[in-house]
1. What does the charge dipole of the chain about its Cα centre add up to, to the nearest 20 debye, if the Cβ of each Lys and Arg holds +1 and the Cβ of each Asp and Glu holds -1?
2. List the aspartates and glutamates whose Cα sits under 12 Å from the Cα of K41, skipping any in the same chain fewer than 8 residues away.
3. Keeping all protein chains in position, work out how much accessible area T104 exposes to a 1.4 Å probe, and write it in Å² to the nearest 10.
4. Leaving ligands and nucleic acids out of the surface, order S9, S45, S112 by accessible area at 1.4 Å, largest first.
5. Over what distance in Å are the Cα centres of the range 1-25 and the range 105-180 separated?
6. Order the following by accessible area, largest value first: K48, K41, K63. Probe radius 1.4 Å; ligands, DNA and RNA are ignored.
7. Please give the net charge around L73, taking every other residue with its beta carbon less than 14 angstrom from that of L73, where Lys and Arg add +1 and Asp and Glu add -1.
8. Suppose accessible area is computed on protein heavy atoms with a 1.4 Å probe; arrange S60, S67 from highest to lowest.
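The values are calculated or read from the model by the stated rules, or taken from the named source; none is laboratory data. The shown structure was predicted, so the numbers you read here are calculated from the model rather than taken from an experiment. We place every Cβ from the backbone using ideal geometry, glycine too, and count neighbours over all the protein chains shown. SASA here: full protein model, heavy atoms, side chains in, ligands and nucleic acids out. Shrake-Rupley method; radii C 1.70, N 1.55, O 1.52, S 1.80 Å.
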Amino acid sequence: MAVDQIHLSRFLSFVLRHKPDEIGLTLGPEGWANIDELVEKANASGTKFARADLLGVVASSDKKRFSLSADGLSIRAAQGHSVPVELGLPPREPPSILYHGTATRFVEAILSEGLKPQARQHVHLSSDEATAKRVGQRHGLPHIFRVNAGGMHIGGYKFYRADNGVWLTGRVPPEFLASI
Ligand code: HQG
């Protein structure tokens, strides 16, 4: 039976971002997992799929959630980690404006505390409003913030661009946020 791609994508996100130990896997410091080892450990833990299924998910992922190493032997999540990883991305100058989609129920707290990474390693920002809206909709009725990334950059805040184009930063203080 063909492996369900959405199910496998969710499983890979879970293991590669949050709980590698759930299948007895250890990620490298930059978040990489050996593909053969991942497949073997997943199968031994009851999630059955083949290397080709995994490569199919990597290739078809709408958000390009997973990256392959240059030698093709390893896989990692491009972003979204809650486990501590040092992705090794160089700090980059961000576009002057970035966007963050959230749910309306978080707006008051965000306006007082700023954007915090919560369970993840970074605050995730989008380069366009439509993507931010989709991200916000995952949490409820969406609300979009415009982030003064240019101002933050001048102020010394570091930005990174994940392999899939998502922008990452440590936190966004309220003075750099405006509601749309
Ligand atoms: C909110 C998905 C209260 C924040 C997406 C967000 C993204 C606060 C939620 C990636 C807060 C955390 C990440 C504060 C932030 N008070 N709430 N001070 N600061 N928040 O899921 O950005 O599909 O951890 O606004 O596309 O929604 O999984 O972060 O609503 O790229 O590949 O706390 O995950 O990618 O939620 O999403 P999340 P996110 P995938």
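1. It works out to roughly 380 debye.
2. Partners found: D21, E22.
3. Accessible area of T104: about 70 Å².
4. Largest accessible area first, the list is S112, S45, S9.
5. Value for the Cα centre distance between the two parts: 26 Å.
6. The most accessible residue leads, giving K48, K63, K41.
7. Computed value for this residue: -3.
8. S60, S67
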